[in-house]
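The values are calculated or read from the model by the stated rules, or taken from the named source; none is laboratory data. None of the values given here were measured: they were computed from a predicted structure. A quick note on method: Cβ atoms are made from the backbone with ideal geometry, for glycine too, and the neighbour counts reach across all protein chains shown. To get the accessible areas, we keep the full protein, side chains included, count just its heavy atoms, and leave off ligands, DNA and RNA. Shrake-Rupley method; radii C 1.70, N 1.55, O 1.52, S 1.80 Å.
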Amino acid sequence: MSEPKPYLLEMRDICKSFFGVQVLHNMHFDLRAGEVHVLVGENGAGKSTLMKILSAAYQADSGHIFIDGQAVQFHHPAQARAAGISTIYQHFSQATHLSIAENLFLGNLPRNPLGMIDYRRLYQLARAALEAVGATVDPRLPVRRLGIGDRQLVEIAAALTRNARIIIMDEPTAALTDREVDRLFALVHQLKAQGVGIIYISHRLEELHHIADRVTVLRDGRSIGTQTIAEVEIDNLVRMMIGRDLQAFDAGAPEPDAFEVLRIEGFTRAGKYEDINFTLRRGEIVALTGLMGAGRTEVAEGIFGVTPPDSGAIYVRGQRVQINQPGDALRHDIGFLTEDRAATGLGMALNIRENMTLPYWAQGRDYIYGLLLNHRRERQLTDDYARSLNVRARNLSTAVKYLSGGNQQKVVLAKWLLARSSILIADEPTLGIDIGAKEEVHRLLIDFARQQGGAVLLISSDLPEALKLSDRILVMAHGRLVGELSRAEATEKRIMAFAFQVE
Amino acid sequence: MQQSDARPSRFAALTGPLSTLLSNQAVSLFFILLLLWLVLGAMSPVFFTVNNILQITLQGAVVALVAAGMTFVILSGGIDLSVGSIFAFSAMVTGIAMQSEFGLFGSIAAGLLAGTAVGFLNGFGVARLGLPAFIVTLGMMSIARGGALLLNNGTPIFGLVDGFNIIGQGRIADVIPVPTIIVLVVYLICWFVLRYTPFGRFTYAIGSNPEAARLAGVRVSLQVIGIYMLSGLLTAVAAMVEASRLNSTQPAGGDGLELNAIGAVVIGGTSLFGGEGSIFASLIGALIIATIRNGLTILGISAFWQNVATGAIIILAVYLDRLRRNRQGS
């Protein structure tokens, strides 16, 4: 080990843009054989994009990749796999109804002289492959019968049967039990000893000292720095991850003694969230933050009646209410701007007017003779809201699928405003929209709370956004509310400390 | 996500209103229908007569009526394979009712109610049991057919009540067939419902995105049940027309009707994924199917070829519609 060997992997000057937005800026990354190199960063920092370029799921706009010092160019994921790069995704890509053995050797099944599958040999090979990763499962079982931990081992075994030398693990411990985590770490150490290089994406900073050799922090598509594990201090790492200074932004404040419009008590849903309590006052914006998977969206779905909680109570303006389905929530003037516009927010084939007025008509307002849609009223309302929200489209009969993400989001916002919601749950309202539209959405939310007497429960993974808009910040981790910070107390560092459960 | 805010058609700048008109599915389809008539008219002098065109509307009436209900179902993202069996079942109920002295209107009401009731069961299976529409209506296809056969032990009922024959055989002012009038009235009502009532709006909304509709407070289950009931009702109306024309009710009637009705709807350009489509385009789709059958008959081509031609037209029409949409999208 005296002579400096070339890196197993080197990525240099990698740039990537999507739709004109640059998401990776001259990114450098390297990996030695027998090393675990951890990538950390906030959602959207560019970790996944970088790894997808390595596995050739995406093509870089520019930059170079070297393996063992040799320049390589992949145009297809199969080429990256053939070069020894395998990815263990958070969501496994297995044919769950086939057996473990078939999954391990899919595409390379041993054949007998007649060209049919040689099952005896397949099971032999599979047994050996499973043994190599310490899995004690019967290779004839269908994959769907396995737990998450075992399925992950099968994925790693499959990578090894393809002679993988670089294994990318995307948040491998996110869904594992403690025992499974220990087993995984033991396997990782064993793979290191065999000279495999491992790129490990993690949100759990407390894991790093157990597993990492080096850590690289990404932020906004840039590499902020690489440290050896000996140099790493968690506090410092968090600072590197969140980095930027906040822009001054005067969101104003709610009236100090405004009345309470929403109270959540003892909200519990098995396996999702437990004993959630909080309140929301008129004019207030309260952020609900935490890492992905902490249970924020599930709480919102509980309040709105999408999936009601197992137990707990909701009070709207002091009255205990029963919300079993979205229609009930609407009747109590609650609106829900969902995280995924395409999946749950908009009818893509419908036009702007039809989308904007859907909750309005669903509440049975303003029908002519109590029966018919009032098209004139629809035109008035949608014209007004399109103007005040600055929706840019050729005309309002344009199907929303032709709008940009930011304009689509304004249509979603308009539909709740138009339905006269006074309590708005906004789940990642600026996800995937450009900077300009993001500022507009912020302005609209603040205006809604301060000028129109609404109240906003803001779910956001974007901490600068949460800090900029909210009067209070609630932090969730592992299905529980673990912290509450006032605007004065809140800093990104303190929020992250709660979210990562360091404090 | 940088996208242009709106995508004007490439031809919009050139031709303005004409382009808008042509991009309307029903209008462009109507030109295809006219073209078909001109071609067939050139091939046979018998074809292009007022009488024959009315004949086509008469022959197309049954498919058109069923296609009207089917349009709602497909717009909502569903499918109804049971219409052929509902057709036979409701006709047989009317036949039995006539034999049981229900009287003219009572018997018609009984048949319409029967079709609506079967539609309710379809809707219940889809909306409340959460089963795929394909499965529920495939099962119902068999159940309702069995019901139709059971009602009179598998034999047709002849000799219906006096006055019933007007529905299928009558002509207004001795010229316009009553079924043609029924079709026009039904389509006008359906158009009105789709455009001016919450029921119509929610049909589109559910087809476009059922989850978004639910989150907007639309009572999706009730709506879906209503849509399948409407399909059952309009199928029963078609059954009355047919029974009146044949002056009998047939337990084996309506065989393959679902394919012609679905064919008419997709020729009309309604998306099988739901949320997009126009009711009048379905009417023209039904007329195109009827025109082809009529034209081939006049030209003396075997009835077997008519099946081949109908199928080919369905595929061709959907392919052309795909091209049209791609052009608009880019």
### Query
222 nm [θ] for the protein assembly as shown, helices only, -39500 (n - 2.57) per DSSP H run of 4+, per residue, to 500?
-15000 deg cm²/dmol
### Query
On average, how many beta carbons from a partner chain sit within 10 Å of the beta carbon of a residue in A:408-420?
1
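What is the mean number of Cβ atoms from other protein chains located within 10 Å of the Cβ atom of each residue in peptide A:332-339, rounded to a whole number? List each step's numbers first, then the result.
Details: counts 0, 0, 0, 2, 2, 1, 3, 0.
Mean shielding by partner chains, rounded to a whole number: 1.
In peptide B:271-277, what is the residue-averaged number of other protein chain Cβ atoms found within 10 Å of each Cβ? If you can, show how the numbers build up before the last one.
Details: counts 1, 0, 1, 2, 6, 5, 1.
Going residue by residue through B:271-277 and averaging, the value is 2.
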### Query
Looking at B:54, B:282, B:210, which one has the Cα that reaches farthest to the positive end of the dipole of chain B (charges on Cβ: Lys, Arg +1; Asp, Glu -1)?
B:210
### Message
Given the whole protein assembly as supplied and a 1.4 Å probe, what does the accessible area of residue A:233 come to in Å², nearest 10?
### Response
120 Å²
### Query
Tell me, what is the percent relative contact order of chain A, built from C-alpha pairs under 8 Å that lie six or more residues apart?
14 percent
### Distance-filtered residues of region B:51-72 - backbone nitrogen under 20 Å, label point 7 angstrom along residue B:172 Cα→Cβ
B:51-66, B:68
### Message
So the label point goes 7 Å from the Cα of residue A:270 along Cα→C-beta, right? Which residues of region A:290-323 then have their backbone N under 12 Å from it?
### Response
A:310-311
### Relative contact order (%) - region A:339-420, alpha-carbon pairs under 8 angstrom, separation at least six
48 percent
### Query
Quick one: which of A:298-311, A:457-470 comes out on top by average Cβ neighbours within 10 Å, and what's the full order, highest first?
A:457-470, A:298-311
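Relative to 2.2 N^0.38 Å, what does the C-alpha radius of gyration of the protein assembly as shown come to as a ratio? Two decimals please.
On the way: Rg = 32.3 Å, N = 833, 2.2 N^0.38 = 28.3 Å.
The value comes to 1.14.
Pull out a ≥ b ≥ c, the square roots of the eigenvalues of the alpha-carbon gyration tensor of region A:58-193, then state rounded if a/c is under 1.5, prolate if not and a/b is larger than b/c, and oblate in the remaining case.
On the way: a/c = 1.88, a/b = 1.20, b/c = 1.56.
Judged from the Cα gyration tensor, region A:58-193 comes out oblate (a/c at least 1.5, b/c at or above a/b).
Where does each of B:238-249, A:364-375, B:125-136, A:205-216 land if you order them by average Cβ count within 10 Å, highest first?
B:238-249, A:205-216, B:125-136, A:364-375
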### Query
Given the protein chains as shown and a 1.4 Å probe, how many square angstrom of residue A:91 are accessible, to the nearest 10?
150 Å²
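Quote to one decimal, in nm, the extra length available between residue A:177 and residue A:141 on full extension: 0.36 nm per residue of separation minus the C-alpha distance between them. Spell out each step's value before the answer.
On the way: separation 36, 0.36 × 36 = 12.96 nm, distance 2.18 nm.
10.8 nm is the gain from fully extending residue A:177 to residue A:141.
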### Query
Under the definition of Cα pairs under 8 Å and six or more residues apart, what whole-number percent is the relative contact order of chain B?
31 percent
